[in-house]
Amino acid sequence: MDYLLAAFAWLADSSHWTGRSGIPNRLLQHLAVTSVVVSIAAVIALPIGILIGHTHRGSGVVGAIVGAARSIPTLGLLTLFGLGLGIGLRAPILALVVLAMPSLLAGAYAGIETVKPEVTDAARAIGLSEWQIVSRVEIPLSAPVIIGGIRSATLQVVSTATLAAYIADAGLGRFLFTGLKTRDYAQMVGGAIMVITLALILELILAGIQRLARRISHPQLLTTTMKRN
């Protein structure tokens, strides 16, 4: 309890909210790292997952990649990349991309797989091309599941991005590492509270987006799309 009270006192100190190492700047750095990592991972994983889900080929590859990637310890991977790439953000970003990809890949594949075969067959019957089926039918209908994968990946990354401070002067993790090194436990717990709060806020936002997608994503959407074409 004493550490928790000390942490809130540390957070309430105005001197910790200014300057390059202040809380706002560290928070923006943390969000920037998270955004870059999830964006890179999404550009790689989502098309692959959608393609495999649409063609129904390579589902075993998805399982193998997801299982292998999830079994790799992020800290060990970060250390390995750090030795090869040196100090800076390149190593943590690369390690976190590996962490984010399994959830994105699984979400995209599972989402497309949830679309009933008769729906895609009906779309082909009215003359839609394979690309039109994917973009106008499968992706809209599977959006809640795909967003669920993005939600899972984002929460994993925002929580683990504290490790970026292991070899780079960036993010909220800096408070944890500095606090541990100097035995300033108020700073360390304060940093942990900020990471937890940020993760909870992102969870609420993404959960809301997923619920909205679930309301919009309805078989009637397919009917409307077909009528327009």
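Table for the structure above
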item: Test: Ala68 is in contact (Cβ under 8 Å) with a residue 40 or more places away in the chain, open to solvent by less than 60 Å² (accessible area, probe 1.4 Å) and assigned to a helix (DSSP H, G or I); result: no
item: Of all residues making up the stretch 117-140, the number that are of a type outside the set (Val, Ile, Thr) and either in contact with a Pro (Cβ under 8 Å, 6 or more places away or on another chain) or not in a helix (DSSP H, G or I) (or both); result: 3
item: Counted residues, the stretch 172-198 - those being farther than 21 Å from Ala32 by Cα and β-branched (Val, Ile, Thr); result: 2
item: Residues located in the stretch 135-145, provided they are under 23 Å from the mean Cα position of the chain (by Cα) and open to solvent by 20 Å² or more (accessible area, probe 1.4 Å); result: Ser135, Ile139, Pro140, Leu141, Ala143, Val145
item: Which listed residue, of Leu11, Leu31, Leu27, Leu5, is free of Cβ contacts under 8 Å to residues at least 12 places away in the same chain, open to solvent by 20 Å² or more (accessible area, probe 1.4 Å), part of a helix (DSSP H, G or I) and not β-branched (Val, Ile, Thr); result: Leu5
item: Among the residues listed as Ala213, Ala165, the single one being open to solvent by less than 20 Å² (accessible area, probe 1.4 Å), within 29 Å of Leu83 (Cβ to Cβ), of a type in the set (A, V, I, L, M) and at pLDDT below 90; result: Ala165
item: Index of the failed condition, Ile150 passing every other in (1) modelled with pLDDT of 95 or more; (2) surrounded by fewer than 20 Cβ atoms within 10 Å (Cβ to Cβ); result: (2)
item: Residues within the stretch 95-116 that are open to solvent by 40 Å² or more (accessible area, probe 1.4 Å) and either of a type in the set (S, T, N, Q) or outside any helix (DSSP H, G or I) (or both), tallied; result: 2
item: Residue in the stretch 124-134 that is among the hydroxyl-bearing types (Ser, Thr, Tyr) and either open to solvent by less than 30 Å² (accessible area, probe 1.4 Å) or touching a Cys at 6+ places or on another chain (Cβ under 6 Å) (or both) present; result: no
item: Residue in the stretch 73-94 that is open to solvent by 50 Å² or more (accessible area, probe 1.4 Å), touching a residue at least 24 places away in the same chain (Cβ under 8 Å) and over 23 Å from the mean Cα position of the chain (by Cα) present; result: yes
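The values are calculated or read from the model by the stated rules, or taken from the named source; none is laboratory data. Everything quoted here is computed from the prediction, not taken from an experiment. Note that each Cβ is placed from the backbone with ideal geometry, even for glycine, and that neighbours are counted across all protein chains shown. Heavy atoms of the whole protein, side chains included, go into the accessibility calculation; ligands, DNA and RNA do not. Shrake-Rupley method; radii C 1.70, N 1.55, O 1.52, S 1.80 Å.
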